[in-house]
1. To the nearest 20 Debye, how big is the dipole of the chain about its Cα centre, given +1 on the beta carbon of each Lys and Arg and -1 on that of each Asp and Glu?
2. With all protein chains present, calculate the accessible area of CYS368 using a 1.4 Å probe and round the result to the nearest 10 Å².
3. Using Cα centres only, tell me the gap between the range 131-166 and the range 40-69 in whole Å.
4. Among rounded, prolate and oblate, which fits the range 168-219 when a ≥ b ≥ c are the square roots of the eigenvalues of its C-alpha gyration tensor, a/c under 1.5 means rounded, and a/b larger than b/c means prolate?
5. Relative contact order of the range 129-330: what whole-number percent is it, with Cα pairs under 8 angstrom and at least 6 residues apart?
6. Any idea what the relative contact order of the chain is, in percent, if you count C-alpha pairs under 8 Å spaced at least 6 apart?
7. Only bridges whose two residues both fall in the chain count here: according to DSSP, what percent of them are antiparallel, nearest 5?
8. Just to confirm a number: summing +1 for Lys and Arg and -1 for Asp and Glu over residues other than ASP38 whose beta-carbon lies under 15 angstrom from that of ASP38, what do you get?
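The values are calculated or read from the model by the stated rules, or taken from the named source; none is laboratory data. Not measured: the values here are computed from a predicted model. Here the Cβ positions follow ideal geometry from the backbone for every residue, glycine too, while neighbour counts run over all protein chains shown. Each accessible area value is taken on the protein alone, full model and side chains, heavy atoms only, with ligands, DNA and RNA left out. Shrake-Rupley method; radii C 1.70, N 1.55, O 1.52, S 1.80 Å.
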Amino acid sequence: LFFFSGLTATEKKLAEYKCNTNEAIQLKLVRFPEDLEDENTTFNPEYSHQVFGDDEVAFGYKGLKILLYYIAGNLSTLFRIEYTSRVNEKFDCVEADDVESKIREIIPPGFCTNTDDFVSLLEKEVNFKPFGMLLHTYSIHNEEAGEDITYQIYKADMTCPGFREYHERLQTFLMWFIETASFIDVDDERWNYFLVFEKYNKDGATLFATVGYMTVYNYYVYPDKTRPRVSQMLILPPFQGEGHGAQLLETVHRYYMSSPTVLDITAEDPSENYVKLRDFVLVKLCQDLVCFSPVKLMQGFSQEMVTEAQQKLKINKQHTRRVYEILRLRATNMGDAEQSRSYRLDVKRRLIGPYKKKQRELAKMRRCLRPEEMTNQLNQIDLNLQREQLEESFQQLVSDYRRVLERLAQA
């Protein structure tokens with residue numbers, strides 16, 4: 001008995017040495033020395049499972065802090081681990097997780113481990129300039145600062161001096177903010193990199209801070225075209241919700257639109273948020289095309305739309321169809337029974353495609369497996385379920401489309 005009660009006491013004690021790594025990891029983008037002490041400049045990861053396992057826990061420490069501070073522009077890194085106490089192999093008979101080597105696996109070598117070295121690097125930040133070719137400049141009004149802040153988007157590649165090392169530091173953020181992130185093979189020359197920077201003032205000089213970036217891979221399409229595919233896109237948390245994603249995606253689209261060898265632009269395994277962003281950007285680009293005039297929208301989806309969107313804006317057929325549905329929703333008076341019914345049928349006809357295919361496959365299977373009367377009954381059950389699912393999908397789409405239109409109205 002004594003042994004068991006002793007065990008739970010030990011277990012209790014050891015449970016106190018578990019830390020949630022999403023809370024323990026503290027990230028910062030540092031512009032001024034005082035940012036180091038300012039808690040308002042700290043942000044945490046959304047994910048740490050790729051480094052610390054599915055439960056996102058580090059064992060063996062109390063009050064664990066994993067500090068990963070980056071200089072705002074060139075992303076030189078300070079990495080330090082702090083804790084109030086740690087389990088001891090001699091007394092506790094267990095070993096603490098080797099947190100340091102787990103972090104070292106994803107951050108490139110050459111980081112600082114003490115604050116003084118980091119601050120002296122911060123003084124050299126005035127020499128940092130963005131990499132590559134300037135594509136676009138825009139400004140956003142900042143309520144807090146009471147002024148317009150200027151941002152710039154650049155296209156870079158591995159031939160830019162210092163860019164390879166900078167990119168190694170930049171991509172470490174993917175691990176914390178993209179659920180299934182992986183590092184890319186930078187020696188493959190078909191990658192393009194698009195970077196967003198903020199211009200800010202420090203002691204009368206103009207400096208640049210990293211805001212976010214996108215990587216795009218250029219796939220070859222026989223015989224002489226390419227199909228750029230967006231692979232990763234990240235706007236760093238301090239800048240999220242300000243419209244930088246839309247600026248970046250539109251700039252990248254415009255960059256490829258001007259190239260005669262580009263067929264169309266796609267994305268690899270896009271997240272829900274990315275799809276919403278893309279809907280907004282593509283509708284914004286397409287709304288003034290002749291083929292999307294209200295009269296033509298009411299006549300239904302056409303080959304003319306597919307051709308014009310692809311030739312002028314490098315948008316593929318599937319995305320063009322979504323753009324059509326969003327713009328047709330805007331042109332439709334949903335209070336009018338006839339217009340509303342016509343719109344609903346049009347969208348549902350597209351949505352039902354996969355169901356119909358499934359239905360045919362099921363019917364084929366059942367002809368081999370079951371007596372005739374049973375097939376009909378099952379089909380009936382299937383149809384009712386299908387109607388419900390279809391209606392649900394339709395309602396969800398319309399509410400997503402309305403959000404795009406609201407954002408467009410404010411743009």
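1. Here the size comes out at about 2380 debye.
2. The value for CYS368 is about 110 Å².
3. 29
4. Numbers: a/c = 3.04, a/b = 1.84, b/c = 1.65.
The shape class here is prolate.
5. On the way: 289 pairs, mean separation 28.5, N = 202.
The value is 14 percent.
6. 9
7. Rounded to the nearest five, the antiparallel share is 85 percent.
8. On the way: positive: LYS28, ARG31; negative: GLU34, ASP35, GLU37, GLU39, GLU144.
Value of the local net charge: -3.
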